[in-house]
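Here is the structure we will look at, set down as structure tokens.
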Amino acid sequence: MSIELAGVSRVFRGPAARRITAIRDLDLVVAEGSAVAVMGPSGSGKSTLLQLVGGLDEPTAGTVRTGGVEWVGLRGRRLAEFRRSVGFVFQQFNLLPGLTVLDNVLVSMVGAPAREARKQALVALELVGMAACRNVLPAELSGGEQQRVAIARAVVNRPAVLLADEPTGALDTATGFAVVDLLLGLRDEAGATVLIATHDYAVAARCERIVTLRDGGIVSDLWMGAAADPAATAERVRSFRPADS
Ligand SMILES: Nc1ncnc2c1ncn2[C@@H]1O[C@H](COP(=O)(O)OP(=O)(O)O)[C@@H](O)[C@H]1O
Ligand SMILES: [Mg+2]
């Protein structure tokens, strides 16, 4: 699915009625099947942007279309359908500690018949190399393994859009790369559109496009081309400074 934001703003009410503009009049078009890194300092609006795209938060102004459909205003079955078409991966994995690996994947499969759901959950765990750990609790796994399970949970419904909010932030470099390779591999395989919010230039350089936010607006939009050399791209991005800094 493509992602289109037009004139999108998200204003929060802070303490003492102070208005916090997390996203400011933002226009962005992401082609179906592309992988885009979202960079920018803390507080620049990365998480808010992903939440607006994924239907976890409503814009104050503007329109967000995913696959040509505006999700704000959807109800009932169509809203449920939209939610199933989006997968989320978070920095802190967000697995349920009291549930096994398999059950953590199954929780995102409401509606599917039990036997079919179990089969699909195992396929997803197989995909991320975690099927052997299906009966283990999250606490028994390393951070990288927990993130693999979280990715299985995110992709089990075969989402058309995969949103990852600092997915490598809690992992060491090598494990983080493996997680990004996995996310991009799933993109290649399933044709999903992927947005990865990250602070890590080396992670961003694996995507074919890097959008950088500052104060809720886009300050740079770099396109790499599929054959870009990640090391050269990382250097190019690192040396880039927006005009106003
Ligand atoms: N629920 C909220 N209530 C009030 N302010 C918020 C809320 N969520 C985010 N913000 C503010 O919006 C801005 C952007 O936040 P965020 O999208 O989390 O940025 P990032 O992910 O780039 O660190 C920050 O100033 C943050 O404090
Ligand atoms: Mg964030």
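Label separation (T173 vs D188): 2.3 nm, computed from points 7 Å beyond Cα along the C-beta direction.
Tell me, what is the Rg over Rh of the chain, with Rh the Kirkwood radius over Cα pairs?
Values: Rg = 18.0 Å, Rh = 18.5 Å.
Result: Rg/Rh = 0.97.
The mean of 1/r over all distinct Cα pairs in region 68-193, once inverted, gives the Kirkwood hydrodynamic radius of 14.8 Å. Indicate the gyration tensor shape class of region 1-120 (rounded, prolate or oblate), computed on the Cα atoms with a ≥ b ≥ c the square roots of the eigenvalues: a/c under 1.5 is rounded; otherwise a/b larger than b/c is prolate and the rest oblate. Prolate, because a/c is 1.5 or more and a/b exceeds b/c. List every residue whose amide H lies under 5 Å from the amide H of V136, counting only residues 5 or more places away in sequence or on a different chain, with H placed 1.01 Å from N in the peptide plane. Here the answer is V101, L102, since their amide H atoms fall under 5 Å of that of V136. Principal axis extents of the Cα atoms in region 60-126, from largest to smallest and rounded to whole angstrom, are 40, 29, 20. Looking at the chain, the accessible area is 48 square angstrom per residue; that uses a 1.4 Å probe and ignores ligands, DNA and RNA. Close amide H partners of T21, meaning residues 5 or more places away or on another chain with modelled amide H under 5 Å apart, are F12. Taking amide H atoms as placed 1.01 Å from N in the peptide plane, the amide H of L26 lies under 5 Å from those of G7, V8, S9, each 5 or more residues away in sequence or on another chain. Please state the shape class of region 153-221: rounded when a/c is under 1.5, otherwise prolate if a/b exceeds b/c and oblate if not, all from the C-alpha gyration tensor. Here region 153-221 falls in the oblate category.
The values are calculated or read from the model by the stated rules, or taken from the named source; none is laboratory data. None of these values were measured; they are calculated from a predicted model. All Cβ positions, glycine included, derive from the backbone under ideal geometry; neighbour counts span all protein chains shown. The protein model used for the area step is the full one, side chains on, heavy atoms only, and it has no ligands, DNA or RNA in it. Shrake-Rupley method; radii C 1.70, N 1.55, O 1.52, S 1.80 Å.
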